[in-house]
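To keep things clear, I will list the structure first and then write my remarks on it.
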Amino acid sequence: MSVTPEAALAAALQPALRGSKRRPLGVAVSGGGDSLALLYLAATWAADHGVALYAATVDHGLRAAAAAEAQGVAQHCAGLGIPHQTLRWTGWDGQGNLQDHARQARRHLLTRWAQQEQLEVVLLGHTADDQAETVLMRLARGSGVDGLAGMAAHDPSGLFLRPLLPVRRAALRDWLRARGLVWVEDPSNDDLRFDRVKARQMLEVLAPLGLTVDRLVQTAGHMQRARITLTEAALRRVQTDLRAEAGDLMLSPRILAGADDAARRILSAAVQWVGNTPYRPRHAALIAAAEAALMGQARTLGGVMFLPAQEKASARLTREVGAVQGPVSVSTPTAATLWDGRWHVLRSLSDPRSPDAPSAPWHIAALGEAGLAQVKGWRDTGLPRISLLATPAVWSDGTLIAAPLAGFANGWQANLSPTFERFVLSH
């Protein structure tokens, strides 16, 4: 790999220059070598192209030195004239997989920050070495094409961008040294409790056998091309064997049977899309739920209910009301408020009707039993009661203002984004 950090960044950010209105970019900076190099590279690129740049550091609150490291990043940003914000996570209860919880919290905090600042994308400092470690870990877990494809330059959400994936970690540190910049080393990078650290050390052992960083990155590239072919086949099947209905998915028995790669891909994506989860369900659990639905039995998996549908030999996948996101405040009614990862709820300017009462503040939450009881004509929608319970509703304290999917729009609308087809394409 001979691509320079500057060339890699420029190639990744080229789409940001399209159009006359350029939204600001964000960069996530921990203070480590990769993200610090990304900060300085992005600062130069943004200044050269007249694009505003914002930076954020996530303090997980797990190490005493984390606050000081965040302050160090703030000082770098101040020297570059870049607004900086420290995002603090306080949700760790000591239970479960620490790295997974921290990763999800980091994503949530950065997403909310990006929405507040109206950022085009948030740049992440993953390198070719990170990609190789990811592929090696997934190989150890027996992953298929999707897992071995590694990390994509663009996150499926479209918000996160990894512009330095073609660049080696050592090259970034050489770049920093040449400019007299000092970074911090996270001690968890040497903690053998974590699989990524084990994979990093194992790469050194495997390199003499030819299983190098470059070779694993090359494998990821091959798998990414294979994934594109499989995705195209799945999209063709979506047109014939699946129907979306108000956030639910109606699956044909051919999909439920999962007899081929395209069917299994669709089935897995269906659970992710309906359940608002970034992770694919475990294969055995997925097949068990699908087989139960084929036999007329209900199952729940990943916040999604597999319900035998009224239509012969098919199943409805619907959101489990107990698994949906909690209330989200509405800051600007005429701007879309994202709820439960895929519903964009807003008040229509073109609708002359106004909510009865009371006025703002409003929040978005599930309709639930209490809300559905206030909607007299919900049966006219033709949607099952169990499906409507998990749909978005507009509330003010305990008063229902609107339930767009239940036939009580009251000047509000709820739109799905991404569509299932687009979700399949991006995953």
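At-a-glance table
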item	result
Region 134-154 - residue that is part of a loop (DSSP other than H, G, I, E, B) and in contact (Cβ under 8 Å) with a residue 12 or more places away in the chain and, of those, nearest to ALA7 (Cα to Cα)	ALA153
Any hit, region 21-34, residues being crowded, with 22+ Cβ neighbours inside 10 Å and touching a Phe, Trp or Tyr at 6+ places or on another chain (Cβ under 6 Å)	yes
Among residues of region 234-288, those that are without any contact (Cβ under 8 Å) to a residue 60 or more places away in the chain, closer than 28 Å to LEU405 by Cβ and not in a helix (DSSP H, G or I), counted	4
Complete set of residues in region 164-187 that are touching a residue at least 60 places away in the same chain (Cβ under 8 Å) and within 18 Å of GLU133 (Cβ to Cβ)	LEU164, LEU165, PRO166, VAL167, ARG168, ARG169, ALA171, LEU172, ARG173, GLU185, ASP186, PRO187
Matching entry among ARG169, ARG225 (being on the phi < 0 side of the Ramachandran plot and open to solvent by 60 Å² or more (accessible area, probe 1.4 Å))	ARG225
So GLU69, is it at pLDDT 90 or above, open to solvent by 60 Å² or more (accessible area, probe 1.4 Å) and of a type in the set (Asp, Glu)	no
Flag if PRO253 is open to solvent by 80 Å² or more (accessible area, probe 1.4 Å), over 30 Å from ALA74 (Cα atoms) and more than 25 Å from the chain's Cα centre (by Cα)	no
Test result for LEU123, modelled with pLDDT of 95 or more, within 22 Å of the chain's Cα centre (by Cα), surrounded by 21 or more Cβ atoms within 10 Å (Cβ to Cβ) and hydrophobic (A, V, I, L, M, F, W, C)	yes
Test: ALA55 is part of a strand (DSSP E or B) and in contact (Cβ under 8 Å) with a residue 24 or more places away in the chain	yes
Any chance TRP362 is over 30 Å from ALA262 (Cβ atoms), modelled with pLDDT of 95 or more and not acidic (Asp, Glu)	no
Residue that is at pLDDT 85 or above, crowded, with 20+ Cβ neighbours inside 10 Å and within 18 Å of ALA128 (Cα to Cα), where the choices are ALA220, ALA269, ALA263	ALA220
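The values are calculated or read from the model by the stated rules, or taken from the named source; none is laboratory data. The structure displayed is predicted, hence computed values, not measured ones. Every residue, glycine as well, gets a Cβ built from its backbone with ideal geometry; the counts of neighbours run over all protein chains shown. Please note that ligands, DNA and RNA were not included when accessible areas were found on the heavy atoms of the full protein model with its side chains. Shrake-Rupley method; radii C 1.70, N 1.55, O 1.52, S 1.80 Å.
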